[in-house]
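The values are calculated or read from the model by the stated rules, or taken from the named source; none is laboratory data. Every value quoted in this text rests on a predicted model; they were computed, and no experiment measured them. Counting neighbours? That spans all protein chains shown, and the Cβs are built from the backbone with ideal geometry, glycine included. Each accessible area value is taken on the protein alone, full model and side chains, heavy atoms only, with ligands, DNA and RNA left out. Shrake-Rupley method; radii C 1.70, N 1.55, O 1.52, S 1.80 Å.
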Amino acid sequence: MNKRGTRPELQAEASPRVAAQRTGEVRIIAGIWKRSRLKVANRPGLRPTPDRVRETLFNWLGADLSGWRVLDAFAGSGALGLEAASRGADEVVLLDSDEHAVRQLLATHQRLHAASSVRIERADALNWMKRCAADRFELIFIDPPFDSPHATLACELALRLLVPGGWLVIESPQPLASPETGVETRRQLRAGAVHVELRQRLTLD
């Protein structure tokens with residue numbers, strides 16, 4: 001996909017089984033940091049996307065994300081955003097409001113010798129997205145703390161930040177209602193207690 005989102009539409013549903021993984025860490029699936037392990041902080045509401053689910057997500061999105069700008073709005077361990085960076089994304093912004101999580105992200109960034117194109121900020125994701133310029137990203141991950149009531153608002157804010165044709169990945173306990181216009185669900189899956197959905201902002205006629 002180029003920066004305007006021309007990858008062919010994805011329509012089929014998927015239901016992979018979630019493989020067991022070691023407590024306290026996840027791994028990067030592919031790219032320049034393939035098999036690198038990321039520590040997972042023991043923080044309230046933090047439940048990182050399992051390896052098998054991320055593998056399915058990036059099978060949907062593609063192996064090469066060159067030219068993409070990516071926002072991981074509730075980064076946690078950074079597994080989603082760093083996976084995108086590992087696969088060649090030009091810019092990745094990792095946000096988290098938790099001081100401990102941000103310190104761990106910075107340590108991971110240093111350990112991986114990540115480029116300056118990967119930026120880590122301690123910030124409230126909702127406020128950050130409200131201030132951000134529109135049409136800014138090709139891909140946005142919305143994976144708020146498991147008990148957060150703000151998933152729907154976060155998705156609404158994220159939609160404005162996507163370029164036409166851009167992709168939105170949502171993880172939530174239950175499916176979220178889609179806006180009536182401007183976005184379509186392309187794929188979805190259920191993995192244990194988590195519902196995962198891939199939406200696309202519609203291109204302008």
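Among the residues in the stretch 172-181, are any part of a strand (DSSP E or B) and farther than 22 Å from Thr56 by Cβ?
Here is the first cut: in the stretch 172-181, the residues part of a strand (DSSP E or B) are 172.
Now restrict to residues that are farther than 22 Å from Thr56 by Cβ: none.
The answer is no; no qualifying residue exists.
What are the residues in the stretch 61-74 that are open to solvent by less than 10 Å² (accessible area, probe 1.4 Å) and within 19 Å of Ser148 (Cα to Cα), if any? If the condition is that a residue be open to solvent by less than 10 Å² (accessible area, probe 1.4 Å) and within 19 Å of Ser148 (Cα to Cα), then Leu71, Asp72, Ala73 are the ones that fit. Of all the residues in the stretch 182-196, those that are in contact with a strand residue (DSSP E or B) (Cβ under 9 Å, 6 or more places away or on another chain) and outside any strand (DSSP E or B) number 1.
Do you know which residues across the stretch 23-37 are basic (Lys, Arg) and farther than 20 Å from Leu61 by Cα? Full working, then the answer.
Step one: filter the stretch 23-37 for residues basic (Lys, Arg), giving 27, 34-35, 37.
The one that is basic (Lys, Arg) and farther than 20 Å from Leu61 by Cα: Arg37.
Residues in the stretch 77-136 that are buried (at least 22 other Cβ atoms within 10 Å of the Cβ), within 18 Å of Leu61 (Cα to Cα) and acidic (Asp, Glu): Glu83 alone. Residues that are within 13 Å of Asp72 (Cβ to Cβ), buried (at least 16 other Cβ atoms within 10 Å of the Cβ) and β-branched (Val, Ile, Thr) do not occur anywhere in the stretch 177-191.
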